[in-house]
1. Which members of the range A:61-80 meet the condition of being at the interface with chain B (Cβ under 10 Å from one of its Cβ atoms) and either buried (at least 20 other Cβ atoms within 10 Å of the Cβ) or at positive phi (or both)?
2. Please find, among A:Val395, A:Val460, A:Val437, the residue that is open to solvent by less than 10 Å² (accessible area, probe 1.4 Å), without any contact (Cβ under 8 Å) to a residue 40 or more places away in the chain and hydrophobic (A, V, I, L, M, F, W, C).
3. Those residues that are β-branched (Val, Ile, Thr) and either more than 9 Å from every other protein chain (Cβ to nearest Cβ) or open to solvent by 10 Å² or more (accessible area, probe 1.4 Å) (or both), I need them from the range A:150-198; list them, please.
4. Is it the case that some residue within the range B:120-140 is at pLDDT 90 or above, more than 25 Å from A:Ile244 (Cβ to Cβ) and either surrounded by fewer than 22 Cβ atoms within 10 Å (Cβ to Cβ) or β-branched (Val, Ile, Thr) (or both)?
5. Between A:Leu275, A:Leu204, A:Leu212, A:Leu227, which is more than 14 Å from every other protein chain (Cβ to nearest Cβ) and in contact with a Phe, Trp or Tyr (Cβ under 8 Å, 6 or more places away or on another chain)?
6. If the requirement is being open to solvent by 40 Å² or more (accessible area, probe 1.4 Å) and either hydrophobic (A, V, I, L, M, F, W, C) or in a helix (DSSP H, G or I) (or both), which of these qualifies: A:Leu336, A:Leu375, A:Leu370?
7. Filter the range A:493-540 down to residues that are at pLDDT below 85 and of a type in the set (Ser, Thr, Tyr) and give me whichever is farthest from A:Val460 (Cα to Cα).
8. From the list A:Val41, A:Val30, pick out the single residue that is in a helix (DSSP H, G or I), at negative phi, more than 11 Å from chain B (Cβ to nearest Cβ) and open to solvent by less than 10 Å² (accessible area, probe 1.4 Å).
Amino acid sequence: MNPFSSGTRLRDMIRAIRACKTAAEERAVVRKECATIRAAVSENDQDYRHRNLAKLMFIHMLGYPTHFGQMECLKSIASAGFPEKRIGYLGLMLLLDERQEVLMLVTNSLKQDLNHTNQYIVGLALCALGNICSAEMARDLAPEVERLLQFRDPNIRKKAALCSIRIIKKVPDLAENFISPAAALLKEKHHGVLITGVQLCTDLCKVSTEALDYFRKRCTEGLVKVLKDVVNSPYSPEYDMSGITDPFLHIRFLRLLRILGQGDADASDCMNDILAQVATKTEPNKNAGNAILYECVETIMSIEDNSGLRVLAINILGRFLSNRDNNIRYVALNMLMKAIAVDAQAVQRHRATILECVKDSDASIRKRALELIFLLVNESNVKPLTKELIDYLEVSDQEFKEDLTAKICSIVEKFSPEKQWYIDQMLKVLSEAGNFVKDEVWHALIVVISNAPDLHGYTVRALYRAVQTSGEQESLVRVAVWCIGEYGEMLVNNVGMLNIEEPITVTESDAVDVLEIAMKRHTSDITTRAMSLIALLKLSSRFPSCSQRVKEIIVQHKGGLVLELQQRSIEFNSIIERHQNIRPALVERMPVLDEATYSGKRAGSLPPTVSTSTGSSLNLPNGVAKPPAAPLVDLLDLTSDDAPAPSSSDGDFLQDLLGVDLAPIPSLSGTSQAPPSGTDVLLDLLSIGTPPPVQTNPSTPIISSPSQNSQTSVAPLERLSSLSSPLSTQVSSPAGASPIVDLLDGLSPSLSMPDNKAQESNFSGDNNGLVYPSIVAFQSGSLKMMFSFSKPPGNPQTTIIQATFTNMSSNVYTDFIFQAAVPKFVQLHLDPASSNSLPASGNGSVTQKFRVTNSQHGQKPLAMRIRIAYKVNGQDVLEQGQINKFPAGL
Amino acid sequence: MIRAVIVMNTQGKPRLAKFYDFQPAEKQQELIRSVFGVLSSRAENVSDFVEADSIFGPDTRLVYKHFATLYFVFVFDSSENELAMLDLIQVFVETLDKCFKNVCELDVVFNFNKMHTILDEIIFGGQVLETSSTEVIKAVEEITKLERASNTISLVPKSVSGWQAR
């Protein structure tokens, strides 16, 4: 015998392990113990097998490997003594995994022990079988277990009943053998056996419809009667649970009745009385009574319809909600959640109590109650519920605010009856918990504000007030900054006052103050600052008196550490300083944000890129429809008109504005757009590439700025590579033209016309000295434009075009401006026009020369879009068109 | 069905662990650790129920009670009544109390064997077997008596013989 194997008793080992200070020490002790146990195992030491197994179980519980003890369990089970068998079966349940080959070895021992004369050994075997039974074992041992269901000792009967549950779960085919013995168990008097018997019936019903029918037909009445006896039974101390007689038995019965009653009107009818009795008579003071009530409610909700009982059941749940015990409130909320599907109206009646639970001190109850409230909201109760929730927001825990705001916002968004109410509630939420609000929420708010033109003034004033008191709420500040930037003048002038409003006096510099504070507050993040910068730029144009101050604020960020802000401030500064003339148009108010596009993007149903939406808009007439790509461009108010800048030296900066990787913008619009798409958008706005060759539509500028008068809408166009414009001071140069060219990038394919291509393919050879026929490039009611062409020798790519304008009408055209745009592969150089007034009735003409260089000469034909603006009797007229029919070879 | 019964102390050391659906040893430790993680971070005055889906898989709930230095944790699925499970913990603890005369953590540590015997008389293969602590104690006492009887017969002479063999 190994002298060390007897070393320590179980108790000593536990003590040694407990004395360990560190995990490493513990591992060392366990390692040593395991080594001695292994040695004992290999020597087949029988004397200490019992103790070694007990030690192994302890070691197993601590999480160390004990697989080497598995065979010891089997040997122990096979031995004759009760203690050995007991520890063996215990080890079997704890140490063995489900590897079939090891378990197969046990089957025989189990069979013997199930037939043992000692009922305790039978009990041990049943217990082990109930825990580890596999399908094979179930088949082999089912007859033994079935026989034991009639064993004289109740302890064995109840274990056999539960063991049968395991067997029928493993092998449902065996269920029919157990139906009648199980039914017999329902007549038991012994509570323990009755509980297990009812449980066996319940599980039989779950695995076999045959059993379900059997019990439904034969046993429902009997069950109801037994339950009635149990309910009315006199006090029995053995099964007493805080004054209630055997709540577990009640619960098992109610559960079986539920399964029998589900989907069967007769059975449901049969149990109505007893359910009503349980629901009304059970004492709700203690947990045990409530457990029964809870089960009873669930049964009532599941069986066939009985509206009276259901109201009773939901009222019980309502009572639970005001119970002082957290657990009861918790389960009640869970059950109400299920009950909504059955009878929402009855649940609605307990709204007030549920609302109280939202304010519970227990976080898990609050969360459930909030979810429940969310399910209860509808159009009719949204206002009072929202008010309650918002009121609670003020006092709620910090960590709960995020959940709460998310739910409030989604309720308000889903059910708001009118926009003003929506805006009001959102402002309340933002001022209360703006820091907990998700980005989508305030994005959505801005979209809604933008779509409510009659509320612009009201909203901006409300925001101004809110920001004075709750300036620390980031998302409130962002919305306020955006609105002040957009609707600043409404704030100052009290435009669009609603009856309910009190007028406020806000000076222009007050409005700028808000932005300056938002800009400088140390907690503001880059998005807020970027938004403030843009808003400042907008105000600089709207409040000329503050322009200088705005400029100073913007300039402060010139040396900022954040690249985005620095770049933006330099750009904006240069707009303010050098481009006074285009600034008003640049910072024009944003067009209405498209709610559908926005919500589509949010829902993810639309691809987040602009390219698809741009594509679709190309089909729209003139491409004038709502710019679908609005979010990107609109944020800067860079509508198409503003884009082609006249300046030569700064010709690129506007493109920067378009193509910028504006960090805050993607987050604003909820999409991330690649810079080139900005160009697409502009093309789209310019409606280049759309078939109609002649357009007399002033609507392009108008869509983006409904309030603009025609004067300003024309103004930007005048600068479109125009020389004769009185506003334009720069002399046109190739550099000046390049922005336009760039803007037309990517468009060329759509310009090439099939017939031109055909002609082109025939064309060959040197075209120097060739004479091209003059064409009537454009003709409207009164205006005619002729193009004549010539080529400078030795340069086939270049064409010199002389445009001759003739006025057929009886009025003189003044302020005559001709503008042209060409695809990117073409360079355009405009010379000054001969005059800016066009005599009436064809008495003379204006000529203008320009030079185009087709860099893809011979591959792509020339194409051009033109715009002609002039005044007739002081009235602005704008004509535009597209020219594709250039002679081949240009 | 009850999925698991775990008794652990407030430091997270398992004192009794019984899983009624098979779990490998490593997984058992992991589960015990995550249960402890949840319980130790719970506030005082909150409900005793925890959604255990993230730990034990879908449709599982966990109910626990905190006595002195011990957590008693029952894990079960939707076929059990939550409030009844709470009462069952009560039955379990009352029974332990009667068996050990004012049960404390040390009793649990050194008698984990007996703990299993008691538990096996209350919960059988994940089903409730007996809810009367008197009945449980009766059964446990019978078993202890049997063990002792055979122990005195078998173990003493054996160890004596082992001693002589040396």
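1. Across the range A:61-80, the qualifying residues are A:Met61, A:Gly63, A:Thr66.
2. A:Val460
3. Once the filter is applied, which keeps residues that are β-branched (Val, Ile, Thr) and either more than 9 Å from every other protein chain (Cβ to nearest Cβ) or open to solvent by 10 Å² or more (accessible area, probe 1.4 Å) (or both), the range A:150-198 yields A:Ile156, A:Ile167, A:Ile168, A:Val171, A:Ile179, A:Val193, A:Val198.
4. No.
5. A:Leu227
6. On inspection, the qualifying residue turns out to be A:Leu375.
7. This residue is A:Thr523.
8. From the options A:Val41, A:Val30, the qualifying one is A:Val30.
The values are calculated or read from the model by the stated rules, or taken from the named source; none is laboratory data. Fair warning: this is a prediction, and the values are worked out from it, not measured in the lab. With ideal geometry, Cβ positions are generated from the backbone for all residues, glycine too; neighbour counts draw on all protein chains shown. Just the protein is used for accessible areas: all its heavy atoms, side chains included, with ligands, DNA and RNA removed. Shrake-Rupley method; radii C 1.70, N 1.55, O 1.52, S 1.80 Å.
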